[in-house]
Amino acid sequence: MTTRLLLISDTHIPGRARALPSALLRAADAADLIIHAGDWVAASVLDELTDHGEVLGVFGNNDGPDLRSRLPEIAHREIEGLRFAVVHETGPKTGREMRMEAAHPDVDVLVFGHSHIPWDTVSARGMRLLNPGSPTDRRRQPVCSMMRVLVADRAVRSVELVAL
């Protein structure tokens with residue numbers, strides 16, 4: 001079986017946008033699981049995404065008590081035989097792979113956010129690290145973004161960075 005994931009982070013609503021992009025909502029409808037790596041800012045974003053599908057998410061540094069009471073700091077889920085973890089912050093890019101291997105030794109795929117910078121690397125031991133960027137706040141990036149990921153047979157089959 002193939003599982004279709006939608007990866008997003010750092011929506012920052014209403015500070016950076018008034019609403020989620022319509023392309024993101026269409027992608028959420030097509031996904032089997034929506035993964036959000038924190039900094040929702042408004043709990044209404046969690047509620048809205050839940051209307052579009054199952055959500056696995058964590059709180060970020062800009063999320064208040066309402067979201068922190070509903071979401072963990074770290075989320076774990078096995079998907080198609082792969083062990084996923086979701087966190088908001090991973091620290092500076094230098095040494096990220098080694099730090100995350102040490103912090104999450106039993107994880108195959110780590111989804112993170114915070115920087116708004118898309119990231120797709122594989123650590124020395126084989127952990128895949130994915131950051132979808134932000135669908136609403138591109139910061140120093142050329143475009144806002146999200147990721148679509150296909151997982152099947154204990155492997156990440158494809159990762160697509162989608163410009164919004």
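Listed by first and then second residue, the pairs linking a residue in the range 144-159 that is modelled with pLDDT of 95 or more and part of a loop (DSSP other than H, G, I, E, B) to a residue that is of a type outside the set (D, E) and surrounded by fewer than 22 Cβ atoms within 10 Å (Cβ to Cβ), with Cβ atoms under 8 Å apart and 6 or more places separating them unless they lie on different chains, are C144/P21; C144/R138; C144/A163; C144/L164; D153/G81; R154/G81; R154/L82. Whether a residue is farther than 18 Å from L6 by Cα, hydrophobic (A, V, I, L, M, F, W, C) and either at pLDDT below 95 or buried (at least 20 other Cβ atoms within 10 Å of the Cβ) (or both) was assessed, and V111 does not pass this test. Take the residues of the range 124-164 that are hydroxyl-bearing (S, T, Y) and crowded, with 16+ Cβ neighbours inside 10 Å: which is farthest from the chain's Cα centre (by Cα)? Result: T136. Picking from residues in the range 13-63 that are on the phi > 0 side of the Ramachandran plot and touching a helix residue (DSSP H, G or I) at 6+ places or on another chain (Cβ under 9 Å), the one that is surrounded by the most Cβ atoms within 10 Å (Cβ to Cβ) is G38. Whether a residue is assigned to a strand (DSSP E or B) and of a type outside the set (A, V, I, L, M, F, W, C) was assessed, and R139 does not pass this test. When S115 is tested against (1) outside any strand (DSSP E or B); (2) of a type in the set (S, T, Y); (3) without any contact (Cβ under 8 Å) to a residue 12 or more places away in the chain, exactly one condition is not met: (3).
Kindly evaluate A102 against the criterion of being of a type outside the set (V, I, T), touching a Leu at 6+ places or on another chain (Cβ under 7 Å) and either under 28 Å from V41 (Cβ atoms) or not in a strand (DSSP E or B) (or both). Criteria not met by A102.
The values are calculated or read from the model by the stated rules, or taken from the named source; none is laboratory data. Quick caveat: nothing in here was measured; it's all calculated off a predicted structure. Cβ coordinates were reconstructed from backbone atoms using ideal geometry, including for glycine residues, and neighbour counts include every protein chain displayed.
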